[in-house]
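Have a look at the structure below, then the notes.
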Amino acid sequence: MTTPQWQPTAGAAPVPATRPWYRKKRVLIPAGLVLLAGIGGALGDPDETTPAAAPAASSPAATTSTSSSAPTEVTASAPASASSAPASSPVDTSTAAPAETATTAPDPYSERFGSFTPIAGAGTGDSVIQLPAEAQAALITATHEGSANFVLQTLDGSNQMSELLVNEIGAYSGTVSYGLMGDESGMLQITADGAWTVQIAPITTAPLATGPLKGSGDAVYKYEGPAAVASITHTGSANFVVHQSDGTWPNLLINEIGPYEGSVPLMAGPSLLLITADGAWTVAAS
């Protein structure tokens, strides 16, 4: 190893170049001791209030100081997110108010005419069918494939005719109603020469008139719109009848033979439109 050369400080007496190396050490060592003493005095002055510099980054974090200085205050670190709730925040255990239950408006047709399980029947020729006991009024949808007279009529408790519903010759397909005026009806009498079908259903199952209507033959619709004017046409050759009923009294709108075209007033609903026809027809309310 090469021995470092000592350079004299400014103002010091020159040292002869031929001075032995061990004499140079005698001067260097006392001077170094004086310098270290001065630095130590500056750092160890008890009157100095400036804190010591932070330890180097390579110092272990777990090193504990044994000096008598005051302990370092440890503070909790800030939350990771400003939106994070502190651990000690109370939990809201209140029960949310129950949602309001929507109430369903009563069906005016079921209230007025009753409700029951639909029934169906089929046969050939004359027959008698028991009507639903729960029905105050009902719809009857019927078909007939014969060539002679086809008649549907309801009977009261003494088996006398209560209402004449259908009286046609030959084939038939349509929907009619009974009991709207409160007439007693316990049986349905069928007169036919061919195969027939009947379906008996509550009044509330009638289709709703939501726009212009068109069809052919007998039909029943629910009308729930405002008072209006209805433009009506018919292209058949037999009787054409249109009623509007609210279940208290039928309002006769049209009773003509053969083709028809005209306008009639409609009452505000809820009500029923009852159409009797042998041909095609249209109804448009405005």
Query - From LEU188, LEU180, residue being in contact (Cβ under 8 Å) with a residue 60 or more places away in the chain and not in a strand (DSSP E or B) - result: LEU180
Report summary line: Picking from THR204, THR175, THR233, the residue that is over 21 Å from PRO108 (Cβ atoms) and modelled with pLDDT of 95 or more would be THR233
Query raised in the report: Looking at (1) out of contact with any Leu (no Cβ under 7 Å at 6 or more places or on another chain); (2) farther than 30 Å from GLU224 by Cβ; (3) surrounded by fewer than 21 Cβ atoms within 10 Å (Cβ to Cβ), can you tell me which one MET187 breaks?
Result: (1)
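The values are calculated or read from the model by the stated rules, or taken from the named source; none is laboratory data. This structure is a prediction, so every number in the text was calculated from the model and none was measured. Ideal geometry is used to build each Cβ from the backbone, glycine not excepted, and the neighbour counts take in all protein chains shown.
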